[in-house]
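Down below is the structure, laid out as structure tokens.
The values are calculated or read from the model by the stated rules, or taken from the named source; none is laboratory data. All figures in this text were calculated on a predicted structure; none of them were measured in a lab. Neighbour counts run over all protein chains shown; Cβ positions are idealised from the backbone, glycine included. To get the accessible areas, we keep the full protein, side chains included, count just its heavy atoms, and leave off ligands, DNA and RNA. Shrake-Rupley method; radii C 1.70, N 1.55, O 1.52, S 1.80 Å.
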Amino acid sequence: MNIETRTVADWANYPVIEAEVASPLSREDIRAYILSHERLIARGNGRCYGDAALAPHLLSTLELNKIIQFDPDSGIIGCEAGVLLSDLLPLIVPAGWFFHVTPGIKSITVGGAVASDVHGKNHPSKGCFSNWLISFELMTADGEITTCSRTENPTLFWQTCGGMGWTGIILSAQFQLMKISGVNMRQTAVKAPDLEVLFRSFDEMRQWPYAAGWVDGTDKKGRGVVFFADHASPELAGSLIFPQKKTRNVSFFAPSWILNPLSIGLHNRIIFSKAKHGEQLVDLDTYFYPLDRVQNWNRLYGKRGFIQYQFCLPEENAFDGIRRVLEIIRKSPETPFLTVLKRHGERPPEAVHSFPIRGYSLALDFPRTRSIFDLVKKLDDLVWSLDGKIYLTKDACSAARMGRVDPVGFGHPKFTSMLRERLRLR
Ligand SMILES: Cc1cc2nc3c(=O)[nH]c(=O)nc-3n(C[C@H](O)[C@H](O)[C@H](O)COP(=O)(O)OP(=O)(O)OC[C@H]3O[C@@H](n4cnc5c(N)ncnc54)[C@H](O)[C@@H]3O)c2cc1C
């Protein structure tokens with residue numbers, strides 16, 4: 001097993017730490033590392049934003065990348081935890097299958113999808129990744145392997161879904177895929193001149209299973225565009241070849257001043273004026289993974305990195321709360337570059353660690369300035385007062401209470417990330 005000490009950061013490039021990164025090739029390697037180290041955490045592909053996959057000892061799962069089984073009749077797939085969703089697409093799509101739930105990025109590992117219990121643009125109808133998870137194998141602090149499902153070790157199953165790696169190392173997982181007829185999606189865009197119309201469109205277009213809105217965080221009225229979608233009917237569904245798109249790469253860190261209120265305001269004006277009302281056919285890659293077109297886009301924020309603040313508010317507080325959040329931001333020196341609004345449905349009562357609650361979430365990306373932490377504090381206070389919460393997989397600096405998760409109430413102290421230690425300290 002390769003073990004090296006190097007600087008590591010998650011996707012938002014803040015914080016950056018020096019850590020020992022072990023890359024085990026087998027279960028024996030993992031057991032040996034777990035038994036001989038404290039303060040360690042599993043690391044998938046580091047696509048969480050803040051400090052959830054950072055610790056003095058990191059156990060990378062990227063070498064655990066075997067597909068164990070795939071039944072093209074039932075759509076059940078089993079693989080090792082380090083397999084990326086993008087590795088599965090060329091196998092499952094030609095056989096007529098796709099993920100029930102996928103986040104807006106395909107280069108995450110299956111272990112990361114379970115540990116953050118990720119959600120997609122269809123949470124009201126499909127829930128989180130755990131809704132489709134059949135079972136997984138977990139190596140716990142004593143080096144033992146436990147199989148977990150809804151019926152076998154159910155407590156450990158639910159503590160691990162959204163449990164941010166604190167229960168152990170997920171070795172493999174088995175989950176159910178969704179049948180598709182082709183790669184095409186029907187997409188319709190609704191251009192909203194203000195936040196009220198934007199929210200109303202989510203309500204009026206409830207029959208569309210997928211929805212995600214872009215909000216212009218620099219606009220007083222909170223204008224934006226919501227992209228609704230559904231899988232195209234069989235006659236329009238197109239082929240079953242997953243389109244491999246050309247990507248661009250940001251090969252160096254941009255100077256930190258590039259994303260400033262002026263450039264962000266201009267960018268948003270262009271996005272809004274170019275957006276067109278109406279329906280079109282787009283493929284899976286275009287609808288689900290638009291950000292994957294630019295590799296390493298996180299470097300656009302410069303070496304200082306950025307903060308993503310994603311919160312969810314209960315339905316009854318969501319419109320007013322999000323309006324007030326945007327107002328607070330507008331009065332602050334900070335400017336969010338990317339702002340994404342999603343609607344969420346009921347959470348199964350067992351899924352105690354899943355982020356979404358019935359209501360709306362907003363994700364905001366801010367360049368990391370000195371004063372961003374003051375703004376986060378204000379936002380935390382408001383979100384808390386409205387019974388909301390933040391998404392721990394995005395967090396780097398929120399108050400401990402905001403994830404509504406007890407950092408010592410479950411899991412094992414051996415498995416600890418900077419996130420867990422930060423929550424414990426406050
Ligand atoms: C551009 C972009 C868009 C995104 N969109 C969404 C979205 O729409 N919805 C959403 O829910 N999320 C979204 N995310 C967040 C991302 O899906 C999650 O953070 C995911 O967990 C990252 O997976 P990873 O493999 O990179 O894991 P990492 O980032 O390496 O780790 C994330 C967490 O999972 C734990 N973990 C990873 N592997 C294991 C394992 N084998 N065993 C135990 N614990 C493990 C880590 O300890 C850590 O706590 C997005 C991220 C990016 C960069």
Note to self: Which count do you get for residues in the stretch 115-146 that are touching a Lys or Arg at 6+ places or on another chain (Cβ under 8 Å) and acidic (Asp, Glu)?
What the structure shows: 0
Item checked: Filtered residue count, the stretch 387-404, keeping only those that are over 20 Å from Tyr14 (Cα atoms) and open to solvent by 20 Å² or more (accessible area, probe 1.4 Å) -> 3
Item checked: Among the residues listed as Val8, Val16, the single one being open to solvent by less than 40 Å² (accessible area, probe 1.4 Å), within 30 Å of Ile307 (Cβ to Cβ), more than 9 Å from the ligand (Cβ to nearest atom) and touching a strand residue (DSSP E or B) at 6+ places or on another chain (Cβ under 6 Å) -> Val8
Check: If Leu62 satisfies every condition in (1) within 23 Å of Gln308 (Cα to Cα); (2) within 14 Å of the ligand (Cβ to nearest atom) but one, which is the exception?
Finding: (1)
Item checked: Within the stretch 38-49, considering residues that are more than 9 Å from the ligand (Cβ to nearest atom) and in a loop (DSSP other than H, G, I, E, B), the one nearest to the chain's Cα centre (by Cα) -> Arg39
Checklist line | Complete set of residues in the stretch 289-319 that are aliphatic (A, V, I, L, M) and open to solvent by 40 Å² or more (accessible area, probe 1.4 Å) | finding: Leu291, Val294, Leu300
Check: Pairs, please: C-beta under 8 Å, at least 6 apart or cross-chain, first residue under 19 Å from Pro15 (Cβ atoms) and in the stretch 412-426, second more than 13 Å from the ligand (Cβ to nearest atom) and in a loop (DSSP other than H, G, I, E, B)?
Finding: Met418/Pro15; Arg424/Val408; Arg426/Ala399
Item checked: Index of the failed condition, Val197 passing every other in (1) within 11 Å of the ligand (Cβ to nearest atom); (2) among the β-branched types (Val, Ile, Thr); (3) assigned to a helix (DSSP H, G or I) -> (1)
Note to self: Considering only residues that are within 21 Å of Tyr14 (Cα to Cα) and part of a helix (DSSP H, G or I), which ones fall in the stretch 360-386?
What the structure shows: Ile372, Phe373, Asp374, Leu375, Val376, Lys377, Lys378, Leu379, Asp380
Next item on the list: Mind listing whichever residues of the stretch 102-120 are farther than 20 Å from Asn65 by Cα and more than 7 Å from the ligand (Cβ to nearest atom)?
Entry: none
Check: Among (1) open to solvent by 40 Å² or more (accessible area, probe 1.4 Å); (2) farther than 20 Å from Trp11 by Cβ, which single condition is Tyr33 missing?
Finding: (1)
Check: When you scan the stretch 87-184 for strands (runs of 3 or more DSSP E) that lie fully inside it, which ones turn up with 2 or more residues that are of a type in the set (S, T, N, Q) and open to solvent by 20 Å² or more (accessible area, probe 1.4 Å)?
Finding: 145-149, 169-179
